[in-house]
Every structure is written in structure tokens, then in C-alpha cells.
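Here's the structure we're looking at; comments come further down.
The values are calculated or read from the model by the stated rules, or taken from the named source; none is laboratory data. It should be emphasised that the depicted structure is a prediction, and the values quoted were computed from it without experimental measurement. Positions of Cβ are backbone-derived with ideal geometry, glycine not excepted, and every protein chain shown enters the neighbour counts. To get the accessible areas, we keep the full protein, side chains included, count just its heavy atoms, and leave off ligands, DNA and RNA. Shrake-Rupley method; radii C 1.70, N 1.55, O 1.52, S 1.80 Å.
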Amino acid sequence: MLSARSARLAVFASGNGSNFEALASAASRGELGGDLVAVLSDNPQAFALERARRHGIEALTPPTGRFRSRLEDETPWLDALRERRIDVVLLAGFMRRLHAPLLDAFAGRMLNIHPSLLPSFPGLDAIGQAWRHGVRVTGCTVHLVEDALDAGPIVAQATVEVLGDDTQDSLEARMHAAEHRLYPAAVRRYLTEPFRLDGRRLVFGAAEAARG
Ligand code: GRF
């Protein structure tokens, strides 16, 4: 649990933004535990930006610089967050690795959703990786963001069974539906319940948090 006042949230998204949509819908129902203030994208064509405008949420495209896999200068991104007094950043399909200025400023206050049961299948095309591996059960993970890829303490996970008649497409559809249920619920819990970190383990509960 972060503070008594309602947390101010920003989403980073690069593409379709269906997870943003799930977060924004939960926020508009008062079920997210915080206020969704802005969407920031590295891709001016991202449908996530259009979704934000439809929800009346500010849509921003700070400069990205010369590189494709990271932000050349994170300062304008950090400034945009600070100007809006953002407490927590939610990564939702953001396709660039983040580094020191942003990760330091938002240590413990940045979440990501990844479409596998981490630590299995980190990185790109996680659903395809799991499908090709032939797993019988997969799922999605919400975790705190650290420098190492898809590796921070786990906030919540949900399982998705691979069915006998699945195709990769049908599995993907159920995975996304599971993500859209998990992410808002995980954010709400993270924002509203006390927790402590015991090594890598994120432990919820008032008594547990007091011990930490
Ligand atoms: C989701 O599968 C998310 O887990 C992954 O990227 C995808 C983004 O989808 N990190 P969307 O843009 O939210 O529709």
C-alpha cells in the first residue's frame, strides 16, 4: 500500500493497448484503487493513445531518440511523470527496456504485465515461446519492474490451461482475456493492501507488512 491518498497512475504502452483499456475501464468503475492520469507512448501510431483520448485520459508521446530498443534520453519521460505527480507507472505492452533514471525514480513503483508464468518464457513472443514448447499450462504475471528483464518480484499470476483443440490464436485470445482480468485486480491489490518484500517474495497482509 502506497499512501492514504488516491495514487496517480500513468501507463506506458507501445501498441494496441488492450491492457490499458482494461485498466481504464476498471478505473472508470472506481475499481482500480487509483486515478489513471496519462498514457505515454514511444509510438505515435499506438492505438493505446486513441483509447486514452476516448477515455478522456491525457495521451503523450515524449521523444524517443535514435534507438529502437530503449529511450535515448529518459529525462523528458521522467519530467512528464513528475509534472503530473505520478506515483506509479504501469507498463502495458511497452516495447522498450528502461534504465537508471526512470527505474531509480520509480523503484518499487513500476509494474509490468508479461504473458507467461514467469520465470518461464521471459522476453519477446512469450505466448509463442510457450506454445512451441508444448506446455500444458501457461498464464500471465504482474511483477515489479527491475533492471533485469521480466524478473522483478511477482505481484500476481493467473494460469491459463492449454486445451487439446487449441491453436496458437485461440490460446492467445484466452491469454489476453486472462491478462485483462489479472492486471486491474493486481494493481488494485498493490495499491490498497499493505505488503512487504521478503527477498524476492512480495508478501501481502497488514501483519506481514508490520513485520517487514
Ligand atoms: C500483452 O500481452 C502484454 O502482456 C505484453 O504485451 C501485450 C500488450 O498488449 N507485455 P496490449 O497492447 O495491451 O493489447
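Yes/no per residue for (1) surrounded by fewer than 16 Cβ atoms within 10 Å (Cβ to Cβ); (2) of a type in the set (S, T, Y):
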site: G123; (1), (2): yes, no
site: V155; (1), (2): no, no
site: E161; (1), (2): yes, no
site: G164; (1), (2): yes, no
site: A178; (1), (2): no, no
site: Y190; (1), (2): no, yes
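Considered as a group, the residues in the range 50-108 that are among the β-branched types (V, I, T) and within 16 Å of the ligand (Cβ to nearest atom) include one that is nearest to the chain's Cα centre (by Cα), and that residue is V89. Among all residues of the range 187-201, there is none that is within 12 Å of the chain's Cα centre (by Cα), in a strand (DSSP E or B) and closer than 27 Å to L36 by Cα. Against the condition closer than 19 Å to M110 by Cβ and either aliphatic (A, V, I, L, M) or touching a helix residue (DSSP H, G or I) at 6+ places or on another chain (Cβ under 6 Å) (or both), how does L49 come out, does it pass? Judged against the criteria, L49 is not a match. Scan the range 14-49 for residues that are within 12 Å of the ligand (Cβ to nearest atom), in contact with a His (Cβ under 9 Å, 6 or more places away or on another chain) and among the hydroxyl-bearing types (S, T, Y) and the total you get is 1.
Just checking, does the range 117-136 include any residue being away from the ligand (no atom under 12 Å from the Cβ) and within 21 Å of L9 (Cβ to Cβ)? No: the range 117-136 contains no residue that is away from the ligand (no atom under 12 Å from the Cβ) and within 21 Å of L9 (Cβ to Cβ).
Select the strands (runs of 3 or more DSSP E) contained entirely in the range 1-109, then report the ones holding at least 1 residues which are closer than 23 Å to V142 by Cα and open to solvent by less than 30 Å² (accessible area, probe 1.4 Å).
7-12, 34-40, 88-91
Residues in the range 126-150 that are open to solvent by 50 Å² or more (accessible area, probe 1.4 Å) and either in contact (Cβ under 8 Å) with a residue 60 or more places away in the chain or part of a loop (DSSP other than H, G, I, E, B) (or both): R136, E146, D147, A148, L149.
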